[in-house]
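Shown next, in structure tokens, is the structure this report addresses.
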Amino acid sequence: MMGASFVSTVPSLLPLQAQVAPPSSSTSSSAASVRPPAARPVAVRCKTENGFADGGEELSRRDVLKLVGASVGIELMASSGSFVESARAADLIQRRQRSEFLSNVRGTFFTAIKGNPDLIPSLLTLALNDAMTYDKASKSGGPNGSIRFSSEISRPENKGLSAAMNLLEEAKKEIDSYSKGGPISYADLIQYAAQSALKATFLASAIRKCGGNEEKGGLLYTAYGSSGQWGLFDKQFGRSDTTEPDPEGRVPQWEKASVKEMKDKFSAIGFGPRQLAVMSLFLGPDQTATETLLAADPDVSPWVQKYQRSRETVSETDYEVDLITTLTKLSSLGQQINYEAYTYPVPRVDFSKLKL
């Protein structure tokens, strides 16, 4: 009994034709055109126990598989277009949702900080201490919101930060009230409050350079400020909260720590003298006292002087850019960012109910 191979089950490929090129010929006196010979059919022959059935040229199983694969590939490419477009549209919707939510969060922080400017140093130290619990070896700790727990914020290194945390608790209530994508994490809350506090200090510096004129200071900061440097920081919106305090002993008491202790701690998380110098604003309420201490160290002193000179310029570019870069790295230590956080399903429109 003869058994046909599977290639005979591909009727969509039959008949296949091979185009034969016309032979060359000289031009006759009547200039008659030469017709090419008729195309020769190429059939897929069914293999039997006695060989191949008669007729046509032989196409191997491999040839047919290649043709089938090409056909399937073309089909998939044609049908995937709508899927790709839908994915792109969904991604754009989520980006817009996150962007709008973050803009509203900034508005809440702006109002809260403007009414409590004395808490700016504490907000910065709060963000630093929450992140400084990061342990490189165990990949634990970091900016995970653990400082919100009473057992952690009551530690000696966090002395005086409760008022800043209380301010953020009130801000969180307002933020969560208008969030359509769930409550904001404490980890995000703390780091983005630090961003807003930094922007407030940059703006205040610009206003001082304009003799206290707020309008001119605002224009100066808009024209020469560092707003465009926050792009990467803004994308890291979607930190997760830990469910318990981080271990004790990972964060120094900055106002009592020696420069060596500060350097050792910064080194433990991958930072050096440059980052230590630029973060002086975060190391306690008195930036001048901290910089005076750091300036006594030969490794840190050149950077302290560099940033002091930069702050005297109109744009403060070196200082602001390095500070933003350092905070961006600090605020993501050990964190897996959820880039779908705070997004939400968009209601479908039932066009059948629309009255045209």
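We did not get these values from a lab; they are worked out from the coordinates using the rules stated. From a predicted model like this one, the values you see are computed outputs, not experimental measurements. Here the Cβ is made from the backbone with ideal geometry for all residues, glycine too, and neighbour counts use every protein chain on show.
Modelled spin labels at residue 309 and residue 230, positioned 7 Å past Cα toward Cβ, are 2.9 nm from each other.
Counting every other Cβ atom within 10 Å of each residue's Cβ, 320, 312 order from fewest to most as 312, 320. Scaling against 2.2 N^0.38 Å puts the C-alpha radius of gyration of segment 246-355 at 1.62.
The ellipsoid equivalent to the alpha-carbon distribution of segment 189-295 has semi-axes of 29, 21, 12 angstrom, derived from the gyration tensor eigenvalues as √(5λ) and listed largest first. What you get for segment 102-330, charging only the Cβ of Lys and Arg (+1) and of Asp and Glu (-1), is a dipole of about 360 debye around the Cα centre.
Separation of the alpha carbons by more than 28 angstrom is noted, of 114/159; 136/173; 114/173; 136/235, for 136/173.
With 31 Å as the limit on Cα-Cα distance, the pairs of 139/263; 139/256; 172/260; 172/199; 180/265; 199/306 that go past it are 172/260; 180/265. Between the beta carbons of residue 243 and residue 286, assuming R0 = 25 Å, the FRET efficiency works out to 0.10 to the nearest 0.05.
Computed on segment 244-306, with alpha-carbon pairs under 8 angstrom and 6+ residues apart, the relative contact order is 28 percent. Taking a quarter of the surface of the Cα convex hull of segment 101-219 gives a mean projected area of 8.7 nm². In whole angstrom, segment 102-330 maps to an equivalent ellipsoid with semi-axes of 25, 24, 15, each derived as √(5λ) from the alpha carbon gyration tensor and ordered largest first. Between the beta carbons of residue 267 and residue 88, assuming R0 = 41 Å, the FRET efficiency works out to 0.40 to the nearest 0.05.
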